[in-house]
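Working notes, beginning with the structure itself.
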Amino acid sequence: MKNILLSALLCAAFSATHATAQNLLPLPQRFEKAKGAATVKAPETKPLITDQTTLQSVAQGRYTQASEAYSLTITPDGINGKWDNPLGEFRMQQTLAQLRDDKGNLPLCTIEDSPAYYWRGAMLDVSRHFFSLDFVKKQIDVLAQYKINRLHLHLTDAAGWRMEIKRYPRLTGLGAFRTFDSWKTWWDGRKEFGGVNDPLRRKYVEEGSADAHGGYYTQQQLRELVQYAAQRGITIVPEIEMPAHSEETLTAYPELSCTHEPYKQADFCPGNVATYDFLEHVLEEVMDVFPSVYIHVGGDEAAKASWAACPRCQQKMHELGIWHPNAEGTLANGEQLHKLQAHLIAHMGDFLQSHGRKLIGWDEVIDENLSKNTTVMVWRNADFAADAVRNGYDVILSPGSHCYLDGYQDAPNLEPEAMGGFTPLEKVYGFVPGEALTPEQRAKHVKGVQGNLWTEYVPTEAQVEHMFYPRMLALAEIGWNGTATKDYPAFRKRALAEVEALRARGVMAFDLAHEIGDRKEFTTPIRHKASGAKVTYAPEAPYNTTAYAAAGDASLTDGLRGSWSYGDHRWQGFIGGKDYRFDVTLDLGRKTSFSSVATDFMQMCGPEIFYPADYVVSISDDGENFRELGRMHRDSEKTVNPDVMTFSVSKKAKARYIRVQATASAFGGWLFADEVVVK
């Protein structure tokens, strides 16, 4: 235990401009403030970890929560700090940098501190859009200030391979460059080039070509990044996607796909021995550059499109005892294909383990045959955390509902285009890790939390920072403090101060001070003439009962309207229907006079939620014979940002039954409605 009385303070390069202890972020485990303030004059020096043993353990990620612990007492006589490990001293210096104002004032206080979780991560997708090494270093500086200790780099995906692999030069010579800088333009295409979602538009081009957009990091640059991050208490965790999200690889080396054709496959062929050789050789170079004990292999969203018909895959499944063809000679169900993927993942896990490393994969990798040192990064929901734990695996929690930072954080119609969904700061802060697990399971298997920024709709460095901050600060607080007791108003006050400080230093954080917030309709229940009315849904146009049932049959007259998130359990989703995708009848109980019928619909083109084309209102006295009251038409048009539109028919009438129908847009997709308002 080091015990040092400091007469001067070494401040972080990003020294805070505020001195009140209430602005500490993340909060320490125990903080006691005394009256008065001490003044310490010190040079503006950046604290870095310099001890070589500690640097090595940080680069590898082989340290414990206890090694980050420290205690701190500030008295009029000076600063008394205690720690067992230089990493603990570094965390203490980060706290001191936040406490100190620009005049050198420090509050008299006592702090006892250690992290709640071993893994406090941030993921940056550098495949969909490539970002410079200097920009990544800038994010390391910011993340380190808030005691984040992992930076997960999503280095490979269809949009570009971003790491130099010397054995396979075409991964970067071709796979790192594409025809358009914007992922959206490249992925979806433009009408003049063959229409939306045209795979022929997703072209890769040779490095140095006039129309080449993209880039990659050399191995020397990545070694430099590893060292830079370790000096700031952060481990770099690389991700190499397999077996899916590999279009760039399978265009550069098409012999690794089932069809051996470029531009045709997204998944490696798990029946081909060359696939395993290739991935092992790639991982050998990855491990040579990245000391991290944890290597992420992806494992998510594999379509497995050609596996069932591939002779090599069939032979591999036969060898594994999982080949059970139906009468047509194809697989009877997807479980056998899952087992084939599990074999590939287990093989790579064993390979990594033989080199002293551990495999991390997204929660689709869960299977009972993986090595028990596997860690599952849970991105879907709590059920998968429980499934992973039942199989004996550790988990890192990063559910899309709270930890995906590619969704809108404020009113979507006024924000830059994003992936979709609504994930404001308050929702991120409200995340409670491991709610579906027992206390014993959480203590044994939950290793930490992580925020993920996928960059399909994040093309610039400024927008990365806009999406990261302050939402990563909420996850930093959860990861370090644990926040067993939530106090969002107090947290928001501290976050406001941090945003102001970040923006003053040129970090383009979201302007939290001018946050608009959720739809006002979401926060204010409505009463109208159909409140509580019985709703009958046409059998041929039911709502989706799997995920978007909202309050079931009561949803459209319960007075509760939706937020900016279609998954908020107030919006009701409709995907079926022949003539009408939305077809409901309201029973008002008796003949009632009214002058308008209106329904809010959401449009969010990313997840294929569109406004209806036609909205039709009909009325009846007996519930059997209806006459049309009026209709509203809207030409189908894709919009950049999500929004909500009220579809209505205004006409005085008197009836007991009101039938409301809506047709799908020209694009098909979903209809989402929240209330049928009768006035």
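Once you reduce the range 607-679 and the range 337-384 to the center of their Cα atoms, the two points are 47 Å from each other. The peptide list 254-262, 655-663, put in order of mean Cβ contacts within 10 Å with the highest first, becomes 655-663, 254-262. Across the range 56-159, how large is the tail of the calculated P(r) beyond 25 Å, expressed as a percent of all Cα pairs? Counting pairs separated by more than 25 Å, the tail of P(r) holds 34 percent. Would the range 218-294 count as rounded, prolate or oblate if I go by the C-alpha gyration tensor, calling it rounded below 1.5 in a/c and otherwise prolate when a/b exceeds b/c, oblate otherwise? Prolate is the answer for the range 218-294, as a/c is 1.5 or above and a/b outweighs b/c. Of HIS324, HIS129, HIS514, the residue with the largest accessible area leads and the full order is HIS514, HIS324, HIS129 (1.4 Å probe).
Once both labels are positioned 7 Å from their Cα atoms along Cα-to-Cβ, the gap between GLU32 and ILE526 label points is 5.5 nm. Take every Cα pair under 8 Å whose residues are at least 6 apart in sequence, average their separation, divide by the length of the chain, and the relative contact order is 11 percent. Between 0 and 90 degrees, the angle of helix 334-354 with respect to the longest Cα principal axis of the chain falls at about 10 degrees. Over the chain, dividing the summed -39,500 (n - 2.57) contributions of all DSSP H runs of at least 4 residues by the number of residues returns a 222 nm mean residue ellipticity of -7500 deg cm²/dmol. Among beta bridges identified by DSSP and lying wholly in the range 321-428, the antiparallel ones come to about 10 percent. Over all other residues within a Cβ to Cβ distance under 9 Å of MET602, the charged ones net out to -3, with Lys and Arg as +1 and Asp and Glu as -1. With K and R counted +1 and D and E -1, the other residues having a Cβ less than 12 Å from that of ARG656 yield a net charge of +2.
Of all DSSP beta bridges confined to the chain, the antiparallel ones make up roughly 65%. Counting only residues at least eight positions apart within a chain, or on another chain, the lysines with an alpha carbon under 16 Å from that of LYS534 are LYS591. Give the aspartates and glutamates reachable from LYS203 as a straight Cα distance under 12 Å; neighbours fewer than 8 places away on the same chain don't count. Cross-link targets: ASP181, ASP188, ASP211, GLU247, GLU248.
A simple count of charges around LEU153, restricted to other residues whose Cβ falls under 14 Å of its Cβ and scoring Lys, Arg +1 and Asp, Glu -1, yields -1. Less than 13 Å apart at the alpha-carbon level, and either on another chain or at least 8 residues along: which aspartates and glutamates does that give for LYS427? Once the sequence-local aspartates and glutamates are set aside, what remains near LYS427 is ASP410, ASP487, ASP518, ASP568.
Which pairs break 26 Å Cα to Cα here: LYS82/LYS444; LYS33/LYS138; LYS147/LYS447; LYS529/LYS578? In this structure, LYS82/LYS444; LYS33/LYS138; LYS529/LYS578 exceed 26 Å between Cα atoms. For the range 436-519, the solvent-accessible area of protein heavy atoms averages 37 Å² per residue (probe radius 1.4 Å; ligands and nucleic acids excluded).
The values are calculated or read from the model by the stated rules, or taken from the named source; none is laboratory data. Keep in mind it's a predicted model, so treat the numbers as computed, not measured. With ideal geometry, Cβ positions are generated from the backbone for all residues, glycine too; neighbour counts draw on all protein chains shown. The accessibility values were calculated without ligands, DNA or RNA, using every heavy atom of the protein model including side chains. Shrake-Rupley method; radii C 1.70, N 1.55, O 1.52, S 1.80 Å.
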